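Novice: Have a look at this one.
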Amino acid sequence: MKKVGVAILGLGVVGSGTYKILTEHREFYKKNHCLDITVEGVMELNRERALSLGVEESKIASNIAEICSNSEIDIVVEAMGGIEPAKTFVLAALNSGKSIVTSNKELYCKYGHELEKVAKKNDCGLYYEATCVGGVPVIRALLDNLQGNKIISLTGIINGTTNYILTKMADCGAPYGEVLKEAQKLGYAEANPTSDVEGYDAVYKLSILSSLSFHTKVPYTEIYREGITDVDPVDIQYGKHFGYAMKLLAIGKNGEHGIEVRVHPAFIKSTHPLASVNDSYNAVYITGDGVEDVMLYGRGAGALPTGSAIVGDIIYCATHQGNNYSTFNNTEKADLTTKFIKNFESEYYLRLSAKDKAGVLSKITSHFTKRGISISQVIQEKAEDGQVPLIILTHTTFENDVKKTVDELNASEGVAKVLSVVRVIS
Ligand code: HSE
């Protein structure tokens, strides 16, 4: 029976979940995988928390050097989050010959190139399934199952907090701020929700997933980002009228003109499988040139779902010879030959408030005509206080043309004010 010693850095939600799975399933792994996996060390500032989980006092390390010098430890799980001290600890562990399993998306996204270099130098494994979409095995699917395909696109709901908030806003029509407070009370959103609600968390994950999918480095700095803080429930309701659900989508496309990567709220047809991914659930919809469409769905966060991804990596690391590294040149910046498309194409939904007088509608549409933007549907509601709410849906057009049209409409005094613009995924 192969013995595998594990250390866990950080016993917060993810680290505790991992500890629980490993200790409760020890006999199961012995029987089914011929592996005796034991937790030989932990690093956790809150000793009481470690002890209450059942960690023996002697296994609580006071510093990273104790973990690095412990010959019983083969694999170090980093579940601390943040850049420092996680980065220093991971590099120290790699330099002492330990393989790494991490759930830290920000660290892997920003410094994966550096970690991989040190892992290679020391012939260590570097595993990161838990960095993206928690318990949903999307990284393994891309690396070990879909690798025969050219991946054309991936579209994901890869942040549970924002999906929960948008689902509740759609269900009850409540404004963003109110639903956020409720989500914080229920533990779905963090006290400081910025990383989730402004789309940074999704950007880190999309950077990792699109680099793997398209076999070229997609730095997070190349990803267009827009969060959900300005989403108005009025637009979600209008979207429903047109048969759309609003989601914070992470989109990666690899086409003949280059790579397109973006995170923003979008309308998606309610018949699309992603439209029924609600509450804090996540999903990734992948299109490959052979397999066609594949959707992976499940829990993107939480102690046991993320612990499941970590333990999967531990078992993979312990049962595979050699180490797999990136298929692409893993550098900080993108390869010079990689082209990123910033002026992407989409259909658009615009909500305007227009003056209720003769000629206004034709003036508004003339701004669209001027840029060759074709309108597909228009709704004009009843006027209130001389202002009419106007909803315009466009056919596929360029992002930059829509931005210029919006600027011109807002500058056209007394005509209309654009209140919202939402991209529509057809
Ligand atoms: N905060 C993330 C989410 C989970 O809400 O999906 C960890 O990435």
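Novice: Identify, from the list THR88, THR131, the residue that is within 16 Å of the ligand (Cβ to nearest atom), among the polar types (S, T, N, Q) and in contact (Cβ under 8 Å) with a residue 12 or more places away in the chain.
Specialist: Details: THR88 fails: within 16 Å of the ligand (Cβ to nearest atom).
Among THR88, THR131, only THR131 is within 16 Å of the ligand (Cβ to nearest atom), among the polar types (S, T, N, Q) and in contact (Cβ under 8 Å) with a residue 12 or more places away in the chain.
Novice: Please verify whether ILE268 is assigned to a loop (DSSP other than H, G, I, E, B) and surrounded by 20 or more Cβ atoms within 10 Å (Cβ to Cβ), treating the condition exactly as stated.
Specialist: Numbers: assigned to a loop (DSSP other than H, G, I, E, B): no; surrounded by 20 or more Cβ atoms within 10 Å (Cβ to Cβ): yes.
No, not satisfied.
Novice: While we're on this one: Which count do you get for residues in segment 135-154 that are crowded, with 16+ Cβ neighbours inside 10 Å, more than 16 Å from the ligand (Cβ to nearest atom) and assigned to a loop (DSSP other than H, G, I, E, B)?
Specialist: 2
Novice: Given the options THR271, THR221, name the one that is of a type outside the set (Asp, Glu), without any contact (Cβ under 8 Å) to a residue 24 or more places away in the chain and away from the ligand (no atom under 16 Å from the Cβ). Step through it out loud before you land on a result.
Specialist: Numbers: THR271 fails: without any contact (Cβ under 8 Å) to a residue 24 or more places away in the chain.
Checking each option against the conditions leaves just THR221.
Novice: Return the pair list, or none, for Cβ contacts closer than 7 Å from residues in segment 286-299 that are free of Cβ contacts under 8 Å to residues at least 12 places away in the same chain to residues that are assigned to a strand (DSSP E or B), at least 6 apart or on different chains.
Specialist: ASP293/TYR285; ASP293/THR287
Novice: Then there's this: For segment 136-158, does any single residue satisfy the condition of being over 13 Å from the mean Cα position of the chain (by Cα) and acidic (Asp, Glu)? So that I can check it myself, show each step before the final result.
Specialist: As a first pass, look at segment 136-158 and keep what is over 13 Å from the mean Cα position of the chain (by Cα): 137, 140-153.
Subset that is acidic (Asp, Glu): 144.
Yes, segment 136-158 contains at least one residue that is over 13 Å from the mean Cα position of the chain (by Cα) and acidic (Asp, Glu).
Novice: Could you count how many residues in segment 282-303 are within 10 Å of the ligand (Cβ to nearest atom) and farther than 15 Å from LEU206 by Cα?
Specialist: To start, the set of residues in segment 282-303 that are within 10 Å of the ligand (Cβ to nearest atom) comprises 282, 299-302.
Still in the list and also farther than 15 Å from LEU206 by Cα: 299, 301-302.
Residues that pass the stated criteria total 3.
Any read-out appearing in this document is the output of simple, stated calculations on the displayed coordinates, not a laboratory observation. Remember, predicted model here, so these are calculated numbers, not experimental data. Please note: Cβ atoms are built from the backbone with ideal geometry, for glycine as well, and neighbour counts cover all protein chains shown.
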